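Encoded as structure tokens, the structure appears first; notes follow it.
The values are calculated or read from the model by the stated rules, or taken from the named source; none is laboratory data. Since this is a predicted model, take the numbers as computed values, not measurements. Cβ atoms come from the backbone with ideal geometry, glycine included; neighbour counts cover every protein chain shown. Accessible surface is based on the protein model in full, side chains and every heavy atom, while ligands, DNA and RNA are left aside. Shrake-Rupley method; radii C 1.70, N 1.55, O 1.52, S 1.80 Å.
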Amino acid sequence: MKHDDHEVVSVFKRQGMPLSVKLVEMLNEHFLHQSERRGCGYTQATRVLAEYINLPRSLLEFDDLKLFEDATMKSLREVMVHAHSNGLVLDSWRNLDINPNVREYLQQHDPASAPFAQALQEQVEWQHQLRHIHAQVKLEESLLIVAVIQDIILPPEQTDGLTDLPVLLERPKVGSCPMAEKFFLEIAYYRVARRGLVNVFVDANNRPLLIEKINMGDDHSCISLETLLVNGVRVPPGSSFAVAYDDERVSKQKAKGLAGFIMPVSEIEGFWFLRLTTLVVSPQNRKRAFSTHFDQQVEKGLFSPDVATLSQLKEVASRQVTGA
């Protein structure tokens, strides 16, 4: 029985920029990705996106375009190679559609009669289409995936108010299995193991950014509480991170609620984005978005996976910092 394409798959295909075979299989929930270890295809797709997010955005390399099946890498490479000889200075292939130098060049050179200008125009149109593709998407979980893909290819130029997380060079030994939400769901209801610690990482204004658990499953596992910038990509609240820091050197303040500490994110060695958690989607859409991953959480008796919200974790973190 053939199932309909996931909304994200369908929209990208309809716009003439199909996603990679790997992402299509995952988002379409191929049974191989609905295993106990992977959770569901949607979860696995966010792990794949993590592989890109955790690497710095390159101005000249085209690896990020491997997210697409028919990536226009060859023609884009030609544009970059021949730009200078055609009188156009380009320091990056990204954001060509909003590059004022590109806009001015195309106003002065008719794409209909100049091969280079035509190739450049095609790239501008492709990027413009990608920049606005979110307008074709409706589902909550689809918007999250689309926004991340857009930022990976076209990093936002305006990121005021967002904390730019330091990124580790390699992934720490912190798991991202479908049950990784277990203890965070319990923390949301102030249920903490006897030796458990609930740490909070804050910005310069003492605003909670991530909440970390210690002595509950894998140590140094976090969930983000705000939108964070990771290598130029806006990663949504409710994302799973691993963190590494020198426990002896980082400044600590004792938390004012549950056992734990408050630490400035500016003193942390680095973070590693793992995947989106089920808390990233509102409860009413969680089963639809995370399918067999969500079902596993229910079947294995996790605490309130169907009703817990990220706002509850934010409240816990706020009380850890302020005591109120």
Subset tally (residues that are of a type in the set (D, E, K, R) and at pLDDT below 95) for the stretch 23-61: 5
Condition check for VAL298: crowded, with 17+ Cβ neighbours inside 10 Å and either free of Cβ contacts under 8 Å to residues at least 24 places away in the same chain or touching a Phe, Trp or Tyr at 6+ places or on another chain (Cβ under 8 Å) (or both): no
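Table: residues versus (1) surrounded by 16 or more Cβ atoms within 10 Å (Cβ to Cβ); (2) over 30 Å from ARG286 (Cβ atoms).
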| residue | (1), (2) |
| --- | --- |
| GLN107 | no, yes |
| GLN123 | yes, yes |
| HIS128 | no, yes |
| LEU139 | yes, no |
| GLN158 | no, yes |
| LEU169 | no, yes |
Positions within the stretch 142-168 being over 19 Å from PHE290 (Cβ atoms) and outside any loop (DSSP other than H, G, I, E, B), in sequence order: GLN150, ASP151, ILE152, ILE153, THR163, ASP164, VAL167
Subset of the stretch 205-243 that is closer than 21 Å to ILE187 by Cα and of a type in the set (Gly, Ala, Ser) - its residue that is farthest from the chain's Cα centre (by Cα): GLY217
Single residue of the stretch 269-285 satisfying the filter (surrounded by fewer than 21 Cβ atoms within 10 Å (Cβ to Cβ) and touching a residue at least 12 places away in the same chain (Cβ under 8 Å)) that is farthest from SER251 (Cα to Cα): ASN285
Flag for GLN312 being exposed (fewer than 14 other Cβ atoms within 10 Å of the Cβ), at pLDDT 95 or above and in a helix (DSSP H, G or I): no
Criterion violated by ALA259 - all others in (1) within 23 Å of ARG171 (Cβ to Cβ); (2) among the aliphatic types (A, V, I, L, M); (3) in contact (Cβ under 8 Å) with a residue 60 or more places away in the chain; (4) in contact with a Lys or Arg (Cβ under 9 Å, 6 or more places away or on another chain) satisfied: (1)
Per-region count, the stretch 26-67, residues in contact with a helix residue (DSSP H, G or I) (Cβ under 8 Å, 6 or more places away or on another chain), at negative phi and open to solvent by less than 80 Å² (accessible area, probe 1.4 Å): 23
Looking only at the stretch 171-190, and only at residues there that are among the charged types (D, E, K, R) and over 24 Å from SER318 (Cβ atoms), the one that is least open to solvent (accessible area, probe 1.4 Å): ARG171
Cβ-Cβ under 9 Å pairs, at least 6 apart or on other chains, the stretch 75-89 side on the phi < 0 side of the Ramachandran plot and assigned by the TED database to the domain that holds ALA119, far side exposed (fewer than 13 other Cβ atoms within 10 Å of the Cβ) and assigned to a loop (DSSP other than H, G, I, E, B): MET80/LEU60; ALA83/VAL89
Residue that is least open to solvent (accessible area, probe 1.4 Å), among those in the stretch 191-201 that are part of a loop (DSSP other than H, G, I, E, B) and in contact with a strand residue (DSSP E or B) (Cβ under 7 Å, 6 or more places away or on another chain): GLY196
Flag for ALA324 being in contact with a helix residue (DSSP H, G or I) (Cβ under 8 Å, 6 or more places away or on another chain) and over 30 Å from LEU55 (Cβ atoms): yes
Any pair with Cβ under 6 angstrom, 6 or more apart, that starts in the stretch 192-205 at a residue that is of a type in the set (D, E, K, R) and ends at one that is assigned to a loop (DSSP other than H, G, I, E, B): ARG195/ASN215
Complete set of residues in the stretch 190-203 that are under 23 Å from the mean Cα position of the chain (by Cα) and hydrophobic (A, V, I, L, M, F, W, C): VAL200, PHE201, VAL202
Which listed residue, of ARG249, ARG288, ARG234, is assigned to a strand (DSSP E or B) and surrounded by fewer than 22 Cβ atoms within 10 Å (Cβ to Cβ): ARG234
Residue in the stretch 202-214 that is of a type in the set (Lys, Arg), open to solvent by less than 40 Å² (accessible area, probe 1.4 Å) and under 25 Å from ALA50 (Cβ atoms) present: yes
